[in-house]
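For reference, the structure discussed in these notes is given below.
Every read-out reported here was derived from the displayed coordinates using simple, explicitly stated rules and does not represent laboratory data. These numbers were taken from a predicted model, which means no experiment stands behind them. Cβ sites come from the backbone with ideal geometry, for glycine too, and all protein chains shown count toward neighbours.
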Amino acid sequence: MIGIVMEEPSGKEIMDVIKEKLEIKAKIVHTRGKYRLLKKWRFLAYNRLENCEKKIVLVDYDNDQDFKSRLEGEVNDEDIMLHFAKQTIESWLLGCYNVTNPDNLDNPFKEIKRRFKQEYGAKIKYNKRVDGPKIAKRNDLEHFRKSQSFTEFESKIRDC
């Protein structure tokens, strides 16, 4: 089993769908924000995921090189992998909207909100925790693979 530490509950909800599509067994835990993840990843990885053979800390990059460098300095255990969704995990969802190279968008979250509004109308607001998993269910693996950071994540998972 693979253990995944994520920064937010909404990301966990999306990853619950993705793990089914990848046909992998994974236990997913989360903090409530990336700065809490910086403080709690070690506890979560070694206590909540202690029985997992491989562990991955999955974080949104968010164009934040300083945070990335800090986390890379922290997560240096050889039995724990670190992976950044570029820019956010929402970039992984945009494949079903025929967005090519979603990792290159400055703000995938803003783009998914815009696409969602086009699809459902202005009165319906995108909710990360509810609508993110719905969009993930709609995606095939090929949709997710339009994101290079997803493809790299999948490769790490498959190598486990």
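Quick rundown of the values:
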read-out: Cβ-based charge dipole, segment 44-105, positive-most Cα from 92, 44, 69; value: 92
read-out: Candidates 79, 106, 62: whichever shows maximal mean-square fluctuation once the chain is modelled as a Gaussian network with Cα springs under 10 Å; value: 79
read-out: Extension gain (nm, one decimal) between residue 21 and residue 148, 0.36 nm per residue minus Cα-Cα; value: 44.0 nm
read-out: Most mobile of 125, 137, 55 in a GNM of the chain (Cα contacts under 10 Å); value: 125
read-out: Signed unit charges on C-beta, dipole axis of the chain, positive-most listed residue 1, 133, 143; value: 133
read-out: Rounded if a/c under 1.5, otherwise prolate or oblate - segment 1-64, Cα gyration tensor axes; value: oblate
read-out: Calculated [θ] (222 nm, deg cm²/dmol) that DSSP helices of n ≥ 4 give over the chain, each run adding -39,500 (n - 2.57); value: -14000 deg cm²/dmol
read-out: Charge dipole magnitude, Cβ of K and R +1, D and E -1 - the chain, Cα centre, debye nearest 20; value: 800
read-out: Length-normalised contact order of segment 1-126 in % [C-alpha pairs under 8 Å, at least 6 apart]; value: 21
read-out: Charge sum, other residues only, whose C-beta stays under 13 Å from residue 47's C-beta, Lys/Arg counted +1 and Asp/Glu -1; value: +4
